[in-house]
Amino acid sequence: MSNVEYKHRPASTVEILPESRARRPRPKLNAVARQVAEHYRHDNTSPVMVSGFMRIIEFALLLLAGMAIYTAHVGLSTHLSWEYPASITIVSLATVIILEFSDAYQMPALRSPASQAGRILLAWSAAFALLTMALFFLKISSEFSRLWLAAWYASGLSLMFVLRLAAARLIRRWARNGRIERRAVIVGGGKNAETLIRSIERQPHNDIRICGIFDDRDDRRSPPVVAGYPKLGNVEELIEFARIARIDMLIVSIPLTAEARVLAMLRKLWVLPIDIRLSAHSTHLRFRPRAYSYIGSVPMLDIFDRPINDWDSVAKRAFDIVFSLLGIVLFAPIMIVTAIAIKLDSKGPIIFKQIRHGFNNEEIEVYKFRSMYADKSDPTARKAVTRDDPRVTRIGRFIRKTSIDELPQFFNALFGSLSLVGPRPHAVAAEAHNRLFDEVVDGYFARHRVKPGVTGWAQINGWRGELDTEEKIRKRIEYDLYYIENWSLWFDLKILLLTPIRLLDTRNAY
């Protein structure tokens, strides 16, 4: 697999397609595949998120119990006004850390709280032992209430057991109705796929839901049903299926020895915002243990990871909400003046709504201040705005040049259809030289593996404005893919802070 360079190759994945491949038809799902995809259309909850919330809830419960008993029994007027809260916080945090190191937040442990009783007792007792030792060496142990200490120990232990019993019941119910699971699709059929599926199904407390099999080979070379799961289509159709069914993971069951076939499939599949794993259960090659991830005891080679996943997505969403609200408050006077100016300048609505490509290639509605005459507006953006475009109003020229027309997108970011930072959303019918953007650039839809943004890495590097040449499209996608592969909150903050400075360059804005 020395030729696999997909994980860190944003520039090399972008290549201009030959003209003969333009206007290729979109793959259509067959009736069975579409029915299966629609069945899984509703959102599910990641096990990683469940275990993460369990840590937060357990910490908060212990903290509140300690503070409640302290307030009721000791009182807030004690001379140890900061020592008690500090001790409560440290003990609560230490308990969660000890439980984390003992794997008490893994899904098998959360499903079976009775088997974790000893670990919970040990972790809670160890945290209290650390507290009593600290108080002894600080020579303030005699000033702390013994009754408070005993009451908190007993109540905290009881609350943890009750919480875990309730959580186990909820998790088992979610597992039954499919709310908590990782949805997976097997790529490749035959004996290898059957062996893989049987191995996954034998794993205890398995959270993998296999949704079907996709294989490019016909029924003569690859059976239509493998281990009870139907073959739903080929790899081209898999891309559409994965987007509708909100698939979390693709598991490629093709042997490593079929390198050319594996690479051909990965070239098609890397545009999806999901984890892609290569099954290593039947290979004779052996890598270091750290090279593998596991489903139970079934080894997998990690090919692609979802760019922004689980807690990263929570952090990014919090970032968007905080800075969107700040932007709305900060730019409210400008937006009010702009709205009045648009209304006085020409007839028509103040806000212009346009359908654009969003996360996972879904269509979203993006808000902008109207900058064109109402009767000449182009909701599909099939014809890009050019310099001195007669469709643009007087006010429109100014707000487009200064990017004030984009300010309503703070509301898009606040409501969740956009992120503040990400690849700029393109109109679904945007063209260059009568060719759709995805017909110009190979791997174009890989930019939709994350939410599009109000601003982005490409824009602050000079690739904003009209995309009238294939070279401009290629460079923008190259920068978009670099952003996706190198995302972090600090990177988002850097782009956000640099945006006002880079907007001073208005050469490509009209």
Could you list, in sequence order, all residues of the stretch 406-421 that are in contact with a Ser or Thr (Cβ under 7 Å, 6 or more places away or on another chain), part of a helix (DSSP H, G or I) and crowded, with 22+ Cβ neighbours inside 10 Å?
Phe410, Ala413
Some residue of the stretch 422-444 being buried (at least 23 other Cβ atoms within 10 Å of the Cβ) and at pLDDT 90 or above:
yes
Looking for whichever is surrounded by fewer than 19 Cβ atoms within 10 Å (Cβ to Cβ) and of a type outside the set (A, V, I, L, M) here; the options are Gly212, Gly233, Gly228. Which one fits?
Gly228
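So that you can scan it fast, the table gives a plain yes or no per residue for (1) closer than 30 Å to Trp124 by Cα; (2) out of contact with any helix residue (DSSP H, G or I) (no Cβ under 9 Å at 6 or more places or on another chain); (3) assigned to a helix (DSSP H, G or I); (4) without any contact (Cβ under 8 Å) to a residue 12 or more places away in the chain:
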| residue | (1), (2), (3), (4) |
| --- | --- |
| Phe136 | yes, yes, yes, yes |
| Leu147 | yes, no, yes, no |
| Ala150 | yes, yes, yes, yes |
| Ala154 | yes, yes, yes, yes |
| Leu163 | yes, no, yes, no |
| Ile171 | yes, no, yes, no |
| Asn192 | no, yes, yes, no |
| Gly212 | no, no, no, no |
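Listed here are the residues, each with its yes/no results for (1) at pLDDT below 90; (2) touching a Leu at 6+ places or on another chain (Cβ under 7 Å).
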site: Thr95; (1), (2): no, yes
site: Arg111; (1), (2): yes, no
site: Ala150; (1), (2): no, no
site: Ser158; (1), (2): no, no
site: Ala166; (1), (2): no, no
Within the stretch 46-60, is there a residue that is outside any helix (DSSP H, G or I), aliphatic (A, V, I, L, M) and surrounded by 15 or more Cβ atoms within 10 Å (Cβ to Cβ)?
no
Looking at the stretch 70-83, which of its residues are closer than 18 Å to Thr132 by Cα and touching a Ser or Thr at 6+ places or on another chain (Cβ under 7 Å)?
Val74
How many residues of the stretch 167-193 are more than 28 Å from the chain's Cα centre (by Cα) and either surrounded by fewer than 19 Cβ atoms within 10 Å (Cβ to Cβ) or outside the structural domain of Leu232 (by TED's automatic domain parsing) (or both)? The answer is 2
Checking the condition crowded, with 17+ Cβ neighbours inside 10 Å, in a loop (DSSP other than H, G, I, E, B) and assigned by TED's automatic domain parsing to the domain that holds Leu147, which residue from Tyr84, Tyr70, Tyr105 passes?
Tyr105
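The values are calculated or read from the model by the stated rules, or taken from the named source; none is laboratory data. Bear in mind the structure is a predicted one, so any value in this text is a computation, not a measurement. Neighbour counts run over all protein chains shown; Cβ positions are idealised from the backbone, glycine included.
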